[in-house]
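Have a look at the structure below, then the notes.
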Amino acid sequence: MGESEQDTDQKTKLADEVRLYIEKRIQYVSIIISEQVSLVFAESFQKLIGLLLLSSAFLFLWLALAFFLGDVLNNTGLGFLIAALPLFLFGFIFSRTKSKKITERIQAELIGKVMDSVDESLQSTKTNQEDSSEEK
């Protein structure tokens with residue numbers, strides 16, 4: 001009777017330890033994934049700020065072109081009209097085209113970055129675990 005109770009206690013302890021290990025492993029993987037997602041968002045935010053600064057510089061260059069054309073033509077309004085025409089055409093063409101390809105490419109790039117980062121993190125974790133088990 002004592003041995004079966006002891007076996008039951010050991011099985012219960014083992015089951016609890018396995019459950020705890022699985023819970024901790026799931027938490028660890030979720031932390032790795034959230035870390036990688038936040039890294040991708042941080043990099044995307046940095047690129048967005050860079051694009052914002054570049055577009056501001058482009059805006060000022062375009063305004064300078066408009067004023068220059070206005071001085072050359074002795075008509076400021078005509079200079080702005082001529083400078084705005086290419087922007088209008090590119091904007092119209094861009095708004096009419098399907099952006100599905102662009103969206104899919106951006107989505108694939110983001111997913112690829114996250115998955116690569118998660119794979120690298122899991123590989124480094126695996127090597128760290130192997131190193132620690134070899135030390136024992």
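The values are calculated or read from the model by the stated rules, or taken from the named source; none is laboratory data. Every value quoted in this text rests on a predicted model; they were computed, and no experiment measured them. Quick reminder, even Gly has a Cβ in these numbers, built from the backbone with ideal geometry, and neighbours come from all protein chains shown.
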### Query
So, in segment 9-39, of the ones that are at pLDDT below 85 and of a type in the set (Val, Ile, Thr), which residue ends up farthest from the chain's Cα centre (by Cα)?
VAL29
### Summary
Screening LEU20, LEU14, LEU39 for residues that are closer than 18 Å to ILE111 by Cα and surrounded by 10 or more Cβ atoms within 10 Å (Cβ to Cβ) leaves only LEU39
### Task
Would you confirm whether any residue within segment 2-16 is under 23 Å from ASP119 (Cα atoms) and in a helix (DSSP H, G or I)?
no
### Query
So which of LEU69, LEU54 is at pLDDT 90 or above, within 30 Å of ASP116 (Cα to Cα) and surrounded by 10 or more Cβ atoms within 10 Å (Cβ to Cβ)?
LEU54
### Message
Looking at segment 83-106, I want the residues that are at pLDDT 80 or above and have a partner that is of a type in the set (Gly, Ala, Ser) with Cβ atoms under 7 Å, at least 6 apart or on another chain. Which pairs are those?
### Response
ALA83/ALA66
